[in-house]
Amino acid sequence: MTTPTDSTPPKPTRLAPIVTLDAKFFWDAADQGEFVGERCAECRQFRFPPRPMCPHCHSVKREVVKLSGRGTVYTWIQPRHPTPFGFKEPPIVATIELEEGYRLVSNLYDIPLEQVQPGLPVEVFFAPTMGNHQVPVFRPRAK
Ligand SMILES: [Zn+2]
């Protein structure tokens, strides 16, 4: 027999993302479990971080597209002291090179620090935050 406390996951301690106007689409999608990016509607190049004008052709037209969620580890670090606020254990902070051709900083899970390698194939999943939000994070890709 289970009691309500048996099935209640612990409350997230990770801080909620700071949402800016330019990146609101990204965080709104993350709350829905979608991993999206912003692309120029004229030249089709991705804009990251999101911004009002394309740095390649100066168009202000944009489109939000679903990303594959796949990438590779470019580089990583584990900040040990002080442990970042909101984390029980120091997270692995990694720069992920996305299949779509740009890099973003996130966290890496489900792998010991010693086993992280440059070029490690990874996939996105979502970690809960305070305030009932979630953020995209990565783990080694299932083979
Ligand atoms: Zn453009």
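We did not get these values from a lab; they are worked out from the coordinates using the rules stated. Treat the numbers as computed from the prediction; the structure is a model and nothing was measured. Because the Cβ atoms are built from the backbone with ideal geometry, glycine has one as well, and the counts that use them run over all protein chains shown.
Things to note:
- Rg(Cα)/(2.2 N^0.38 Å) for the chain, N = residue count: 1.17
- Between the amide H of Phe48 and any residue lying 5 or more places away or on another chain, no distance stays under 5 Å, with hydrogens modeled in the peptide plane.
- Residues of region 91-131 falling in the label zone of Phe85, defined by backbone nitrogen less than 15 Å from a point 7 Å along Cα to beta-carbon, are 130-131.
- Taking a Cβ cut-off of under 13 Å around Pro112, the surrounding Lys, Arg, Asp and Glu residues balance to a net charge of -2, with basic ones at +1 and acidic ones at -1.
- Beta bridges per DSSP with both ends in the chain, % antiparallel, nearest 5: 95
- Mean separation of Cα pairs under 8 Å and 6 or more residues apart, divided by the residue count, gives the chain a relative contact order of 24 percent.
- Region 68-143, Cα convex hull volume normalised per residue, Å³: 98
- Spatial separation of Cα centroids for region 74-143 and region 26-53, in angstrom: 19
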